[in-house]
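No value in this document is a laboratory result; all are computed from the given coordinates. What you see is a predicted model; the values in this text were computed from it and never measured. When we count neighbours, we look across all protein chains shown, and the Cβ atoms used for this are built from the backbone with ideal geometry, even at glycine.
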Amino acid sequence: MDVHGTVVRRVLVDTGSSVNILYLEVFERLGLQRNKLKPVKTPLAGFTGDSIESEGSIRLPVEIGTLEFVVVNLSCSYNMILGRPGLEDLGALISLEHLCLKFRTPNGIGVARREEQLKSLDRPEPVVELEEVEIDPSRPERRVRIGVGLAEKVKQEIIQELQKYQRVFAWGPEDMPGVDRSVICHRLAVNPNHKPVIQKKRYLSADRREFVKKEVETLMAAQHIREVKYPD
């Protein structure tokens, strides 16, 4: 999509998004200044239910009109998200089956199709076949792979070194005790002078709920997190 006189690629059309999203990195690459942003009082809710504070909103010219974008400072594989407001402003309809977007133009109906996926880079492959070896007799399921066909003496030396330094392998959170809190703790920029507000309860789909529950139980068992209860 042509935005502010620049062709922006990797645009996600998302009918589940209530706003049009422009990522801060793209915003800056378009040569736009933050003083052009208007404050957005309401935080955005991500698909996991967490709140995201935006940098502000801005109206920008696109190919066939003007759209309002909310700018967020997040990393994403896309440059921009075209949500329901953008689709409504463009008078656009999408076909998921055909991966096609149709929209009004002064000269008739415009059509945008999904771009061909970029060819994935070839991943490095082992030059020889591999075999699994045990490095912790007390945990036989913890195995690593080494090359097949090594001389027996070399193979045994490698296995001995792996067993000697097996603690460098982190198979799960329980193998990473003593992680500094500054690495694993999130901090919120909260103004202590503001009155606390009870947020509305967020709901997750059943599959996400089960995943979150399992992940929390794993982290609690490893004592990476603990439950804290606050009065209303």
If I build a Gaussian network model for the chain, linking alpha-carbon pairs within less than 10 angstrom, which residue out of Arg113, Arg181, Arg34 has the largest mean-square fluctuation? Arg181
For Leu12 and Gln223, FRET efficiency with R0 = 35 Å and r from the beta-carbon atoms, rounded to 0.05? 0.35
Computed about the Cα centre, the charge dipole of the chain from +1 Lys/Arg and -1 Asp/Glu charges at the Cβ has a magnitude in debye, to the nearest 20, of 1000 debye
Could you give the nm distance between label points at Ala151 and Val190, where each point is 7 Å from its Cα heading toward the beta carbon? 6.3 nm
Pick from Ser54, Ser75, Ser138: which is most flexible by mean-square fluctuation in a GNM of the chain where alpha carbon atoms under 10 Å apart are linked? Ser138
When the chain is modelled as a GNM with alpha-carbon springs shorter than 10 Å, which of Ala151, Ala189, Ala92 fluctuates the most? Ala189
Rounded, prolate or oblate: which fits the stretch 135-232 when a ≥ b ≥ c are the square roots of the eigenvalues of the alpha-carbon gyration tensor, with rounded for a/c under 1.5 and prolate only if a/b beats b/c? prolate
Three-way shape label, the stretch 1-52, alpha-carbon gyration tensor, a/c 1.5: oblate
Students often forget the sequence filter, so: which aspartates and glutamates lie under 14 Å Cα-Cα from Lys153 once same-chain residues fewer than 8 apart are removed? Glu161
Which pairs in the list Lys38/Lys102; Lys201/Lys229; Lys36/Lys102; Lys41/Lys195; Lys41/Lys200 are over 24 Å apart, alpha-carbon to alpha-carbon? Lys38/Lys102; Lys36/Lys102
Given a cut-off of under 8 Å on Cα pairs at least six residues apart, what relative contact order in percent is computed for the chain? 15 percent
Relative contact order of the stretch 55-111, pairs being alpha-carbon contacts under 8 Å that are 6 or more residues apart, as %: 21 percent
Three-way shape label, the chain, alpha-carbon gyration tensor, a/c 1.5: oblate
Residue-wise, which Karplus ³J(HN,Hα) couplings in Hz belong to the stretch 94-108, taking 6.51 cos²θ - 1.76 cosθ + 1.60, θ = phi - 60°, and x for glycine or proline? 10, 10, 5, 4, 9, 6, 9, 10, 10, 8, 6, 9, x, 9, x
